[in-house]
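Enquirer: My questions will all concern the structure given below.
Please treat every number below as a calculation from the coordinates, not as lab data. Everything numeric here is computed off the predicted structure, so don't read it as measured data. Cβ: placed from backbone, ideal geometry, glycine included. Neighbour counts: every protein chain shown.
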Amino acid sequence: MTRLRGSWTAAAAVTLFLLSGCAQQTAAGAPSPGPAPSDSSSPPATPGPEDALVLRVSSAGGFVPPHLLLGRLPETSVYADGRVIFNGPVPAVYPGPALPNLQWGTLSPANLRQLLDKAVAAGVKPGTDFGQPGVADAPTTEVTVVTADGKRTVGAVALREARPDDPQLTKAQQQARKKLRAFVDQLGDLTTAMMTGEPQPYRPVALAAIAQPWVDPGDPTGRPRSVPWPGPALPGEKLSPTVDPTCVVATGAQLDAVLAAAADATANTPWVWENASWSVLLRPLLPEETGCADLKAAR
């Protein structure tokens with residue numbers, strides 16, 4: 001999903017930003033302000049070289065409902081200018097909040113280089129074999145890293161679900177999975193420790209809303225409170241001919257209105273648009289994403 005303009009490549013973007021020291025930071029060393037909201041008539045900004053993805057940990061596949069699959073966020077995304085966007089903690093309550101707790105911070109060029117080296121050392125390189133454990137319907141953990149040598153992506157099925165001594169895995173495969181899992185599990189603490197300041201809430205320039213007709217979940221406490229939908233007209237465009245969820249994107253004033261309304265909403269909230277109730281999964285778009293089409297590639 002990375003998009004670059006002109007003759008840029010991801011490796012070239014990494015090299016430039018590492019050499020020039022363009023990690024975003026204030027004079028005090030804290031992360032610079034997040035992306036500013038666009039006006040009500042402007043589309044999301046066109047991604048540039050600074051938005052080139054250099055490290056990502058994400059999940060693919062697994063036994064997941066279509067709307068959750070389409071709206072699934074990567075665990076951690078790191079960009080060429082040192083920005084890190086990651087999933088922060090969420091309260092252990094049901095139903096959960098309507099908005100994901102995305103956080104962001106900034107790495108210095110030296111720390112960014114160190115982080116990429118750690119990913120390569122953890123096995124994100126050609127030839128690493130993670131095997132196929134005896135676990136059904138589990139997601140695949142994918143790790144992508146971009147260095148001056150190019151882009152590398154590896155995938156480990158059931159990285160967290162499989163037994164470390166799964167008999168379907170060789171000793172070498174077990175050891176490779178152990179190294180990758182240690183890197184993935186420690187990545188959150190690692191990036192936070194490397195940041196130039198405290199993590200801040202991530203405010204997107206655009207927010208995708210994945211909608212489908214609301215169905216009463218049968219909550220014993222009763223029907224959740226309905227909230228008027230303040231975003232673009234629902235239901236929006238179909239993301240796939242084989243699945244029901246549709247998608248719209250809120251920017252500018254509509255984005256502000258959705259974020260404000262979602263502050264007191266939950267994952268079960270019925271959103272009302274033109275006398276119909278909708279279940280809406282709110283998915284902040286990341287720097288390299290520009291619209292619903294980017295979610296169609298979800299696996």
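Enquirer: Ordered by packing density, taken as the mean number of other Cβ atoms within 10 Å over each peptide's residues, highest first, how do 222-233, 86-97 rank?
Expert: Values: 222-233: 15.1, 86-97: 12.2.
By packing density, highest mean first, the sequence is 222-233, 86-97.
Enquirer: What residues have an amide H closer than 5 Å to that of ARG83, excluding those fewer than 5 places away on the same chain, when H is modeled at 1.01 Å from N in the peptide plane?
Expert: Correct list: GLN24, LEU107.
Enquirer: Shifting gears a bit: Report the far tail of the P(r) of the range 69-139, meaning the percent of Cα-Cα pairs longer than 20 Å. Write out the running numbers ahead of the final one.
Expert: Numbers: 1352 of 2485 pairs.
So the portion of pairs separated by more than 20 Å is 54 percent.
Enquirer: Around GLY197, which amide H atoms from residues at least 5 apart in sequence, or from another chain, sit under 5 Å from its own amide H, with H modelled in the peptide plane?
Expert: THR106
Enquirer: Another question, then. Arrange the peptides 236-245, 277-286 so that the one whose residues have, on average, the most other Cβ atoms within 10 Å appears first.
Expert: Numbers: 236-245: 14.4, 277-286: 21.9.
Descending packing order for the listed peptides: 277-286, 236-245.
Enquirer: Tell me the Rg and the Dmax, in Å, that the Cα atoms of the range 202-299 produce.
Expert: According to the Cα coordinates of the range 202-299, Rg and Dmax are 13.4, 41 Å.
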